[in-house]
1. Which number in (1) touching a residue at least 60 places away in the same chain (Cβ under 8 Å); (2) at negative phi marks the one condition that Asp97 misses?
2. Kindly evaluate Val64 against the criterion of being hydrophobic (A, V, I, L, M, F, W, C) and over 20 Å from Ser106 (Cβ atoms).
3. Any chance the range 65-78 includes a residue that's closer than 25 Å to Gly139 by Cα and surrounded by 17 or more Cβ atoms within 10 Å (Cβ to Cβ)?
4. Residues that are in contact with a Pro (Cβ under 9 Å, 6 or more places away or on another chain) and of a type outside the set (A, V, I, L, M, F, W, C), at least 2 per element: which helices (runs of 4 or more DSSP H) completely within the range 121-239 meet that?
5. Out of all the residues in the range 60-96, which are at pLDDT 80 or above, in a loop (DSSP other than H, G, I, E, B) and either among the basic types (Lys, Arg) or touching a helix residue (DSSP H, G or I) at 6+ places or on another chain (Cβ under 6 Å) (or both)?
6. Of (1) surrounded by 18 or more Cβ atoms within 10 Å (Cβ to Cβ); (2) in contact with a helix residue (DSSP H, G or I) (Cβ under 9 Å, 6 or more places away or on another chain); (3) touching a residue at least 40 places away in the same chain (Cβ under 8 Å), Asp209 satisfies all except one. Which?
7. Of all residues in the range 34-59, which are among the acidic types (Asp, Glu) and either modelled with pLDDT of 95 or more or more than 19 Å from Arg16 (Cβ to Cβ) (or both)?
8. Evaluate the range 50-60: report whether one residue or more is more than 25 Å from Thr170 (Cβ to Cβ), of a type in the set (Ser, Thr, Tyr) and touching a residue at least 40 places away in the same chain (Cβ under 8 Å).
Amino acid sequence: MITGGANGIGAACAHRFASEGAKLAVIDRDKVGLDRCLAEIPAERIYSFTGDCTDPEALKEFYVGATQRFGPVDILINNVGQSGRERAGPFHLSNEDVWRFVLEVSLLCSMRLSRLVCSSMRERGGRIINISSDAALAGDEGLVDYAAAKMGVIGFTRALARELAPFRTTVNAVAPGAIRTKAHDQMPKETIERIIQTTPVGFVGIPDDVAAAVAFLASDEARYITGQTLLVDGGRWML
């Protein structure tokens, strides 16, 4: 089950798991992008849902439809999230409406869908992977609300991991740095250059780099890893 799966990291995760034979339930409000993402995957292995992840009722409908189609969820990837983008800026000029949107899409969506899958995972075991951001740890200027929301994802991951560990369910976070996505390509050139200069490997990653980390944490090989945050950021922030 993947949120925000039409583009970028979510789409890369969908393709990675499809290549390993998984059945996919994917939600995104971008129907065109969702159809394009899933076009080459056999229809019998897809449950596609067009909806806004900030709408609790849409998430419930997505969850019910997916579980009716395929049964209980084994792996949940809480990918959806974003900064204020064109509305982002210095905190003293920021708008509370933007804070609330960023918190809603970047933190509360993950909490809501995780709660929906928790009961069955307590019975059967499973994997929850939450997408955070290295902005939570680096504290990037102009992204106070986003950094707060994504650090919230890390705290949520740790606490839920402790609750679910006795039930053979692991909960981990992946924190990407600069990844070349549609949103990233909308950033000013000078911003991208600054990011590259502060990234030790000297280049921007691609969504497949993140999908590989997610696939590992979802695998049996990661059964002894829980409550952790794996940075995929070219060394920009080192724990």
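The values are calculated or read from the model by the stated rules, or taken from the named source; none is laboratory data. Predicted model, so just to flag it, every value in this text is computed and none were measured. As a convention, Cβ positions derive from the backbone with ideal geometry for all residues, glycine included, and neighbour counts pool all protein chains shown.
1. Going through (1) touching a residue at least 60 places away in the same chain (Cβ under 8 Å); (2) at negative phi one by one, Asp97 breaks only (1).
2. yes
3. The answer is yes, given that some residue of the range 65-78 is closer than 25 Å to Gly139 by Cα and surrounded by 17 or more Cβ atoms within 10 Å (Cβ to Cβ).
4. Counting at least 2 such residues, we get 207-218.
5. Pro72, Val73, Asn79, Val80, Gly81 - these are the residues of the range 60-96 that are at pLDDT 80 or above, in a loop (DSSP other than H, G, I, E, B) and either among the basic types (Lys, Arg) or touching a helix residue (DSSP H, G or I) at 6+ places or on another chain (Cβ under 6 Å) (or both).
6. Asp209 satisfies all of (1) surrounded by 18 or more Cβ atoms within 10 Å (Cβ to Cβ); (2) in contact with a helix residue (DSSP H, G or I) (Cβ under 9 Å, 6 or more places away or on another chain); (3) touching a residue at least 40 places away in the same chain (Cβ under 8 Å) except (3).
7. Once the filter is applied, which keeps residues that are among the acidic types (Asp, Glu) and either modelled with pLDDT of 95 or more or more than 19 Å from Arg16 (Cβ to Cβ) (or both), the range 34-59 yields Asp35, Glu44, Asp52, Asp55, Glu57.
8. yes
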